[in-house]
1. Out of all the residues in segment 76-95, which are over 20 Å from ASP37 (Cα atoms) and either surrounded by 21 or more Cβ atoms within 10 Å (Cβ to Cβ) or under 24 Å from the mean Cα position of the chain (by Cα) (or both)?
2. So which residues in segment 79-120 are free of Cβ contacts under 8 Å to residues at least 24 places away in the same chain and assigned to a strand (DSSP E or B)?
3. In segment 26-41, is there at least one residue being buried (at least 17 other Cβ atoms within 10 Å of the Cβ) and not in a strand (DSSP E or B)?
4. Restricting to segment 228-266, name every residue that is closer than 19 Å to SER199 by Cβ, free of Cβ contacts under 8 Å to residues at least 24 places away in the same chain and assigned to a loop (DSSP other than H, G, I, E, B).
5. Determine if segment 10-27 includes at least one residue that is of a type in the set (Gly, Ala, Ser), within 19 Å of LEU126 (Cα to Cα) and at pLDDT 95 or above.
Amino acid sequence: MGDVTADDSAAVRASVLRLRRTTGLPMVFGGALSGPDRLRITELVGGRAGSLDGLVVRAGNGLGGKAMALGRPVWVSDYPRSAAISHDYDGPVGREGLLSIVAVPVVVRHRLRGVLYGALREPLGLADRVVGAVVGAGRDLEQDLAVRDEARRLAAAAPPAPAPGAAAWEQVRAVHAELRDLAERIDDPQVRARILEASSRLAAAGQGGPDGRPAGPALSPREVDVLSQVALGCTNAEAAQRLGLLPETVKSYLRSAMRKLDGHTRLEAVTAARRAGLLP
């Protein structure tokens, strides 16, 4: 899986923290896949004994393993007495005092990537609201991982030095715009910075100053986003729809960029941005 495991763990960590904040559950934990049909629990909030930290869960075993095998959420209201699961992990679960637990598998494009858990230390039936919150967190995590996957694919496909042909340049420009759009949808600041840095390398390839940095005026990230859409031939309305902005907001960013680039038309602004290494 390469870097996928590290990136998945970071995404699981963020999801666990958000889930604890939104539900207030006594304990929330989870982990990413660490090998074929097994995951390692690495992210925990609310633990007391530390007995689940680093625990390897195999598909089919225990509550999380059953969720992995079935590919759907599973929950129990009295873990040690439940006849619906195997009891391979009763020791570490018991040391944490957990009784009511829900496990939600995280599946992206039919591929298991991890499991999220929410737990109580009382033998209570988990309310629909609680189960729904953990399931919703799992779905949000799946979307986050799907976006990260696409960002990695685009970054890997980005050529270090694009070919000079017109068709190749148009492809590079489309990838540049898509990378910037993906960056805006990622919460993790480190991943977002990596994607924006990759888009900047595309823009500066063969242009800009001698050190490969843009040689022109500094534009805000949103001004570059708007110009990248305009460079693809988008109208203000189309750019607004793609970027999740209002058309008037797009106009404002475009006017600001044109002023900084000393461009009197959209085309002049795009041309100046390309000359400065701000756009490919």
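1. VAL76, TYR79, VAL93
2. Matches in segment 79-120: ARG111 only.
3. yes
4. GLY233, CYS234, LEU245
5. First, pick out the residues of segment 10-27 that are of a type in the set (Gly, Ala, Ser): 10-11, 14-15, 24.
This time we only want the ones that are within 19 Å of LEU126 (Cα to Cα), so: 24.
With at pLDDT 95 or above added as a condition, the list becomes none.
No, the conditions are met nowhere in segment 10-27.
Residue by residue, here is whether (1) farther than 20 Å from ASP140 by Cα; (2) at pLDDT 95 or above; (3) touching a strand residue (DSSP E or B) at 6+ places or on another chain (Cβ under 6 Å) holds:
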site: ARG58; (1), (2), (3): yes, yes, yes
site: GLY65; (1), (2), (3): yes, yes, yes
site: PRO73; (1), (2), (3): no, yes, yes
site: ILE85; (1), (2), (3): yes, yes, no
site: ILE101; (1), (2), (3): no, yes, yes
site: PRO105; (1), (2), (3): no, yes, yes
site: ARG111; (1), (2), (3): no, no, no
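The values are calculated or read from the model by the stated rules, or taken from the named source; none is laboratory data. Values in this document were obtained by computation on a predicted structure and should not be read as measured data. Don't worry about glycine lacking a Cβ; one is built from the backbone with ideal geometry, like all the others, and counts go over all protein chains shown.
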